[in-house]
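Read through the structure below, which is laid out as structure tokens, and then see the notes.
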Amino acid sequence: MPQQSHEDSLTEFEQLARLHAEMLSAYLRSLLGSVRGGLGGSRSLLDDLFQEVMVVAWRRMKDFDRSRPFDAWLRGIARNLVLEQSRKKSIRLASIDPRTLDLVDARYDAFAASLQPSSTFADGIDRLLRCLAELPSGMREVMELAYARGMMLKQVASSLGLEEETVKKRVQRSRGTLAECLRKQEAVS
Amino acid sequence: MSDQRNSPLKNDAEDFVSPEGAADAQADELFVHGALCALHERADGASERRLERLNQTIRKPAQVPGRRIALLRLRRLSGVVIVLLATLFTAWIFVSASTNQARATLMASIQAARNAGDRRYQVHILSDGEQNVPAQPEAVFDSSGPNLLLRVHAPQGHTAIAGKDSIGEWAIRRQGGIERNDPRRAWPRWATADGEPILADSIDKLLEVLTTGFELTILDPEVVDGRSFRRIEGLKRDGASRGLADRVELWIDAETMILEKMEMDWIERPGQRGPNVRPPLPPPLSPPLRDGPRPEPPPPGGPPPRGLRPPPPLQPDGDPNFRPPPPHPLREGGPNAELRRGGIRKLIVSRTEAPEWPANWFSPEAHEDGTWGEP
């Protein structure tokens with residue numbers, strides 16, 4: 001097989017990175033959602049991790065087995081990197097069950113498998129919009145304020161006149177409902 | 001910390017997902033959380049920004065000093081003259097390459113900063129009479145794309161707040177209210193060079209100032225906690241802006257090219273020390289910020305415009321109608337009002353973890369109460 005030129009390799013990697021950028025951001029958020037303390041939601045931390053994962057992937061591109069899915073390979077790098085940083089204490093992971101992390105990986109795999117060959121993760125999560133629209137109004141309102149407007153739970157609680165604990169539970173329940181809705185849509189597709 | 005725990009994006013795992021749920025239910029929640037975040041990030045082009053930054057990194061040319069090849073060839077020649085020439089040539093190459101490399105590094109950092117995401121920098125100041133840099137930052141500077149927020153612990157005990165949002169620059173008046181007409185008076189003097197704010201446009205603007213105001217050379221890189229940093233030293237050029245520091249040293253993350261730390265030093269000289277000892281700025285040319293009639297324009301043939309003559313005395317003798325001007329809502333007691341604690345000897349700008357701030361963090365309305373307020 002003829003060897004790829006450096007420019008060809010770069011172009012190929014850039015295309016792959018573009019296709020899977022949103023998936024990687026989501027996956028890192030999933031991992032960081034379980035981070036203890038104030039770093040978990042930081043966008044600059046996410047930006048730095050994204051950059052680091054992609055740079056490592058680019059450097060190891062020659063080791064990538066092209067018969068396997070690129071997104072799963074990228075998630076493997078991301079997970080190792082996050083765990084390594086957690087060991088160095090630059091980020092702190094909660095005492096989360098490793099099995100849960102495996103299950104998160106499995107959720108991403110299942111979601112990718114449910115997509116049409118021509119679709120990307122970014123196309124797939126558009127389904128969430130439909131699921132959000134189907135949420136009961138109380139849940140939808142809370143999720144809108146917390147995620148779309150980026151408000152803190154305290155602010156959401158204050159603007160809706162609810163207890164903070166109620167809002168927290170409602171967010172958790174909404175995420176569960178959305179996951180269920182997505183799973184149904186995956187089954188249909 | 002309790003505030004941070006309240007964010008839906010950054011809680012402990014036991015808070016973040018339903019604690020009573022089974023592992024697969026927790027995994028479901030984490031998956032949905034990631035997907036929701038990615039979905040809502042689309043609006044601000046986060047993915048594009050990250051990809052742009054990535055492309056810059058992986059397409060960065062490898063730094064091979066080509067001139068070293070010429071130097072090696074020269075070494076093969078013999079004779080005292082050649083050795084002497086080679087020595088001089090080496091010195092020139094070293095200085096020139098170092099300067100060019102420093103400028104290239106700084107330019108790459110500016111470019112990377114423009115595409116970087118949310119950033120937070122702390123500003124620590126060492127003043128005359130202080131032995132150690134205070135642990136508490138003097139100011140915190142947040143930026144996200146074109147949006148900026150500067151919060152300063154003013155010496156009078158209040159918090160001076162200024163920023164920039166999609167509408168433009170703004171500041172919070174000390175007496176309350178939002179100032180958009182002349183917000184730059186709220187900027188502390190250490191953030192300016194001869195009255196021009198150098199932090200007002202962002203840290204990126206400050207880096208641009210460095211390329212013109214300083215002779216730059218590259219220093220040996222440093223590795224701290226496994227991270228490699230490029231270091232640049234800048235010595236103020238002759239004729240550069242008076243308020244600039246005499247020396248500056250930068251630490252730039254070699255991987256991301258983002259500025260991590262900057263130290264500015266003012267070297268003690270009689271009659272000149274740091275930006276705080278510069279003479280006060282002339283009175284504002286803009287209309288007064290408080291309600292009331294605007295001043296009459298100067299009569300034709302009158303005195304030269306302000307700036308070419310000294311500012312008028314506060315209380316001219318023999319003028320019974322003189323009334324001191326009302327206190328400026330921003331400058332009165334603000335960080336520009338007087339010497340802080342004497343001259344500044346050192347100013348340190350260091351990057352710190354940016355928290356997840358609320359969507360309205362860069363809007364003046366979120367800071368109208370004038371308190372420090374952390375997301």
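Would it be correct to say that B:ASP118 is surrounded by fewer than 22 Cβ atoms within 10 Å (Cβ to Cβ) and of a type outside the set (Gly, Ala, Ser)?
On the way: surrounded by fewer than 22 Cβ atoms within 10 Å (Cβ to Cβ): no; of a type outside the set (Gly, Ala, Ser): yes.
The answer is no for B:ASP118.
Could we say that A:LEU16 is more than 7 Å from chain B (Cβ to nearest Cβ), within 12 Å of the chain's Cα centre (by Cα) and modelled with pLDDT of 90 or more here? So that I can check it myself, show each step before the final result.
On the way: more than 7 Å from chain B (Cβ to nearest Cβ): yes; within 12 Å of the chain's Cα centre (by Cα): no; modelled with pLDDT of 90 or more: yes.
No: the conditions fail for A:LEU16.
Checking A:LYS169 against (1) free of Cβ contacts under 8 Å to residues at least 24 places away in the same chain; (2) over 26 Å from A:VAL55 (Cβ atoms); (3) within 20 Å of the chain's Cα centre (by Cα), only one condition comes out false. Which one?
(3)
Determine which single condition A:ASP8 fails, assuming it passes every other condition in (1) modelled with pLDDT under 85; (2) outside any helix (DSSP H, G or I); (3) under 24 Å from A:PRO117 (Cα atoms).
Result: A:ASP8 passes all but (2).
Could you tell me whether B:THR212 is of a type in the set (Ser, Thr, Tyr) and at pLDDT 75 or above?
On the way: of a type in the set (Ser, Thr, Tyr): yes; at pLDDT 75 or above: no.
It is false that B:THR212 is of a type in the set (Ser, Thr, Tyr) and at pLDDT 75 or above.
In segment A:119-147, which residue that is small (Gly, Ala, Ser) and over 20 Å from the mean Cα position of the chain (by Cα) is farthest from the other protein chains (Cβ to nearest Cβ)? Step through it out loud before you land on a result.
Pass one, segment A:119-147, residues small (Gly, Ala, Ser): A:119, A:122, A:124, A:133, A:137-138, A:146.
Among the residues that remain, those that are also over 20 Å from the mean Cα position of the chain (by Cα) are: A:133, A:137-138.
On the way: A:ALA133: 13, A:SER137: 18, A:GLY138: 16 Å.
Filtering segment A:119-147 for residues that are small (Gly, Ala, Ser) and over 20 Å from the mean Cα position of the chain (by Cα), the one farthest from the other protein chains (Cβ to nearest Cβ) comes out as A:SER137.
Cβ-Cβ below 6 Å, separation at least six or inter-chain, first residue in segment B:119-136 and within 14 Å of chain A (Cβ to nearest Cβ), second outside any strand (DSSP E or B) and small (Gly, Ala, Ser): which pairs?
B:ARG119/A:SER44; B:ARG119/B:ALA354; B:ARG120/B:ALA354
Return the residues of segment A:58-89 that are modelled with pLDDT under 85 and among the polar types (S, T, N, Q); say none if nothing qualifies.
The answer is A:GLN85, A:SER86.
Under 9 Å by Cβ, and 6 or more places apart or on different chains, what pairs join a residue from segment B:348-375 that is more than 10 Å from every other protein chain (Cβ to nearest Cβ) and outside any loop (DSSP other than H, G, I, E, B) with one that is small (Gly, Ala, Ser) and surrounded by fewer than 18 Cβ atoms within 10 Å (Cβ to Cβ)?
B:ALA366/B:GLY373; B:HIS367/B:GLY373
Can you name the residue in segment A:150-166 that is exposed (fewer than 15 other Cβ atoms within 10 Å of the Cβ) and assigned to a loop (DSSP other than H, G, I, E, B) and is also nearest to the chain's Cα centre (by Cα) among such residues?
Residue satisfying both the conditions and the ranking: A:GLU163.
May I ask you to list the residues in segment A:148-189 that are away from chain B (no Cβ under 12 Å) and at pLDDT 90 or above?
A:LEU160, A:GLY161, A:LEU162, A:GLU163, A:THR166
The values are calculated or read from the model by the stated rules, or taken from the named source; none is laboratory data. What you see is a predicted model; the values in this text were computed from it and never measured. With ideal geometry, Cβ positions are generated from the backbone for all residues, glycine too; neighbour counts draw on all protein chains shown.
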